[in-house]
Amino acid sequence: MRFSKPLAIGGGTPVFPDGAPHWPIPDAAVQQALCAAWESGDWGRYHGPFCERLATELALLHQVEFVQLCCSGTFAVELALRAVGVGRGDEVILAGYDFPGNFRAIEAIGAVPVLVDLAPQRWTLDPDQVPLARSEKTRAVLVSHLHGSLASLRKLRAFADHERIALVEDACQSPGAVYDGKIAGTWGDVGVLSFGGSKLLTAGRGGAILTNRPELHQRAKIFCDRGNQAFPLSELQAAVLAPQVRLLTERNALRRNRFDRLAQRLSALRGIQLLDPFCSTLRQPAFYKVGLRFVEEQLAGVARADYVAAMQAEGVALDTGFRGFTKRSERRCRRVGELPHSQRAVDSTLVLHHPILLQPEESIDRLAEAFHKVSAALAGS
């Protein structure tokens, strides 16, 4: 389409001339940890103190007994599934809209993904659909907290307990989030964290699984032991993560504060809808990606891709969501129903990258200005 002059993509001045904030942010504590690893020589060791310290920090934060560090969040999902005993021919229930690596992790074991729909107005699986997916082959439910939404963990936990199947909780997008007073990653039989380069806790790569069940921890250790830890997190990665863990609760609170400010300023915006993440004292989301819904019919048929391109030109780190699994063939998975809410998420989700949420309030106001600027210009085009 042809963009109008006021928009940066049409030749105008961007709202953020320097672009979106970088991640990770400068952090003196991380720098000190890097220097300490260098000075001690532990940065190059197989075994040193930093991995042990990080595991202790994570165990304290989550109030769990066992933490196993590993090479990535994607592998951590597979490791969690193996720990709860998922094997070839078993079925694992998950949402029709989710991180693509979760589908592949199930396939990597030789198990079969079983797709259920998202809950209405959410980016998490619908707990009322999960019983419809149950079969004699069902071994686990894999549930993710996405785009600021927290899954209905109390219902899912009750279902898993009643059916005597495992609940694997993917908290890769929501470290430090709280649901009904318990931290995300501790409702499942196993919880999963990611330390990827864009994550709230970042070491470029890395992950962890959390559990209070010794037999699951032991099963995961045995799988990873190939004479040494075959899928490790390095001492250097662990060194930079520990200080971030200590700041996580404080930073999550700041991100929620900034989200609330943004939501107020976008409440009447045409074409963009922020879904209520149900913040409260007992339910505190963590915003790795802020999910938004693009309402094309409110913008005279403007394509979502054009909206994203215009916002990126304004210096905003906005993108589309996941592709989802609604088009996956029956050879690869089983599905329950037509998955209309999952398909809507595929077609309409926008995600805002989190670094802006640690910026001053003035930056949030400028971010809202960018949304209003683009929506007004495109609605009139």
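Given the criteria closer than 25 Å to Lys289 by Cα, open to solvent by less than 20 Å² (accessible area, probe 1.4 Å), acidic (Asp, Glu) and out of contact with any Leu (no Cβ under 6 Å at 6 or more places or on another chain), does Asp98 qualify? When the stated conditions are applied, Asp98 passes them.
Looking only at residues of region 334-381 that are of a type in the set (A, V, I, L, M) and outside any helix (DSSP H, G or I), we find that the one that is farthest from Glu250 (Cα to Cα) is Val336. Residues that are within 14 Å of the chain's Cα centre (by Cα) and either modelled with pLDDT under 95 or assigned to a helix (DSSP H, G or I) (or both) within region 68-99 comprise Gly73, Thr74, Ala76, Val77, listed in sequence order.
Inside region 1-24, residues that are of a type in the set (A, V, I, L, M, F, W, C), at pLDDT 95 or above and open to solvent by 40 Å² or more (accessible area, probe 1.4 Å) make up a count of 2.
Residues of region 1-34 that are outside any helix (DSSP H, G or I) and of a type in the set (Val, Ile, Thr): Thr13, Val15, Ile25. Of the residues making up region 224-236, those that are farther than 21 Å from Gly185 by Cα and open to solvent by 10 Å² or more (accessible area, probe 1.4 Å) number 8. The lone criterion from (1) assigned to a helix (DSSP H, G or I); (2) over 20 Å from Arg328 (Cα atoms) left unmet by Asn102 is number (2). Per the listing Leu150, Leu156, the residue uniquely in contact with a Pro (Cβ under 6 Å, 6 or more places away or on another chain), part of a helix (DSSP H, G or I) and buried (at least 18 other Cβ atoms within 10 Å of the Cβ) is Leu156. Is region 368-375 home to any residue that is buried (at least 17 other Cβ atoms within 10 Å of the Cβ), of a type in the set (Asp, Glu) and in contact (Cβ under 8 Å) with a residue 12 or more places away in the chain? For region 368-375, residues buried (at least 17 other Cβ atoms within 10 Å of the Cβ), of a type in the set (Asp, Glu) and in contact (Cβ under 8 Å) with a residue 12 or more places away in the chain: absent. Do we have Ala220 as more than 30 Å from Lys5 (Cβ to Cβ) and without any contact (Cβ under 8 Å) to a residue 12 or more places away in the chain here? No, not satisfied.
Among the residues of region 35-48, the ones that are assigned to a helix (DSSP H, G or I) and either surrounded by fewer than 17 Cβ atoms within 10 Å (Cβ to Cβ) or on the phi > 0 side of the Ramachandran plot (or both) come to 6 in all. Among the residues of region 259-304, those identified as under 22 Å from the mean Cα position of the chain (by Cα), part of a helix (DSSP H, G or I) and not charged (D, E, K, R) are Phe259, Leu262, Ala263. Is there any pair with a first residue in region 151-172 that is in contact (Cβ under 8 Å) with a residue 12 or more places away in the chain and a second that is assigned to a helix (DSSP H, G or I) and open to solvent by 60 Å² or more (accessible area, probe 1.4 Å) whose Cβ atoms are under 9 Å apart and which are 6 or more apart or on different chains, and what are they? Correct list of pairs: Phe159/Pro131; Glu163/Pro131; Leu167/Asp161; Cys172/Thr74. When Leu79, Leu61 are checked against the criterion of being within 30 Å of Pro113 (Cβ to Cβ) and either among the small types (Gly, Ala, Ser) or in contact (Cβ under 8 Å) with a residue 24 or more places away in the chain (or both), Leu79 stands alone in meeting it. Screening region 73-83 for residues that are open to solvent by 10 Å² or more (accessible area, probe 1.4 Å) and touching a Gly at 6+ places or on another chain (Cβ under 9 Å) and picking the one that is farthest from Lys221 (Cα to Cα) gives Thr74. Sort out which residues of region 118-143 are open to solvent by 10 Å² or more (accessible area, probe 1.4 Å) and under 21 Å from Lys289 (Cβ atoms), and write them in order of number. Hits for region 118-143 are Ala119, Pro120, Gln121, Arg122, Asp126. Residues of region 105-117 that are surrounded by 15 or more Cβ atoms within 10 Å (Cβ to Cβ), outside any helix (DSSP H, G or I) and without any contact (Cβ under 8 Å) to a residue 60 or more places away in the chain: Ala111 alone. Among residues of region 294-316 that are open to solvent by 40 Å² or more (accessible area, probe 1.4 Å), those with a Cβ under 7 angstrom from a residue that is of a type in the set (Val, Ile, Thr) and outside any loop (DSSP other than H, G, I, E, B), sequence gap 6+ or separate chain, pair up as Arg304/Thr320. The single condition from (1) surrounded by fewer than 14 Cβ atoms within 10 Å (Cβ to Cβ); (2) under 29 Å from Ala379 (Cβ atoms); (3) within 20 Å of the chain's Cα centre (by Cα) that Ala253 fails is (2). Reported count of residues in region 223-258, each being farther than 30 Å from Gln359 by Cβ and part of a loop (DSSP other than H, G, I, E, B), is 7.
The values are calculated or read from the model by the stated rules, or taken from the named source; none is laboratory data. These numbers were taken from a predicted model, which means no experiment stands behind them. Neighbour counts are summed over all protein chains in view; Cβ atoms, including those assigned to glycine, are modelled from backbone coordinates with ideal geometry. The protein model used for the area step is the full one, side chains on, heavy atoms only, and it has no ligands, DNA or RNA in it. Shrake-Rupley method; radii C 1.70, N 1.55, O 1.52, S 1.80 Å.
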